[in-house]
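Report on the structure given below.
The values are calculated or read from the model by the stated rules, or taken from the named source; none is laboratory data. Treat the numbers as computed from the prediction; the structure is a model and nothing was measured. Note: ideal-geometry Cβ built from the backbone for every residue, glycine included; neighbour counts use all protein chains shown. Heads up: the accessible areas ignore ligands, DNA and RNA and are worked out on the full protein's heavy atoms, side chains in. Shrake-Rupley method; radii C 1.70, N 1.55, O 1.52, S 1.80 Å.
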Amino acid sequence: MLPRRKSRILALCMLYALDMQRTDDLAVSARVENIFSRPFPQSVTDYARSLVTSVVRNAESIDELIFRHTHNWDKERIAMVDRQIMRIAICEFSFKRSAPAVVAINEAVGGAPNFGTAGTGRGVPSVLV
């Protein structure tokens, strides 16, 4: 598995933990990072941490972009995992500019069914593309 893909998965775990605890306290994500990051090289955890920090700092703007493309959908109706997958992708190509949009979207669309709900395979691409 490629290092950036591992970083995205680790970031997804960290963001999911923040969402479950209904907080944007990065100390929570640091505790999750300590649990999940042991088997990963430092470069993977560094990129995951930078993704999480950027998503948390830009969450309001990212969510605005997401909900601009979800017509008649309430924020609470989007599964947490799906929302975090979309946040990571949008963050990568809009805020961090660390990956071309096509790469970030392909990673989100390709990985979403592995982590999300039954409808993730349709929902994530319909918003990101």
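Some observations on this one:
- Neighbourhood net charge (15 Å Cβ-Cβ; Lys/Arg +1, Asp/Glu -1) for LEU65: +2
- Note on LEU2 and PHE95: with the Förster distance fixed at 30 Å, the Cβ-Cβ geometry gives a FRET efficiency of about 0.90.
- Accessible surface calculations at 1.4 Å, restricted to protein heavy atoms, place the chain at 56 Å² per residue.
- Gyration tensor (alpha-carbon) shape descriptor, the stretch 1-72, a/c threshold 1.5: prolate
- Spin-label pair ARG77/ASP63, simplified geometry with 7 Å Cα→Cβ offset, distance in nm: 1.7
- Solvent-accessible surface (1.4 angstrom probe) belonging to THR70, in square angstrom, nearest 10: 20
- Options ALA59, GLY111, SER43, ranked by Cα towards positive dipole end of the chain, top entry (Cβ charges): SER43
- Gyration tensor verdict on the stretch 51-103 (Cα atoms; rounded if a/c is under 1.5, prolate if a/b is larger than b/c, oblate otherwise): prolate
- Counting only DSSP H runs of at least 4 residues, each contributing -39500 (n - 2.57), and dividing by the residue count of the chain, the helix-based mean residue ellipticity at 222 nm comes to -22000 deg cm²/dmol.
- Using a probe radius of 1.4 angstrom, the carbon and sulfur fraction of the accessible surface of the chain is 53%.
- Selected from ALA17, ALA112, ALA27 as most flexible by GNM, with the chain as the system and alpha-carbon contacts under 10 Å: ALA27
- Size of the chain as Cα extents on the principal axes (Å, biggest first): 40, 29, 27
- Comparing ARG68, ARG77, ARG97 in a Gaussian network model of the chain where C-alpha atoms under 10 Å apart are linked, the largest mean-square fluctuation is found at ARG77.
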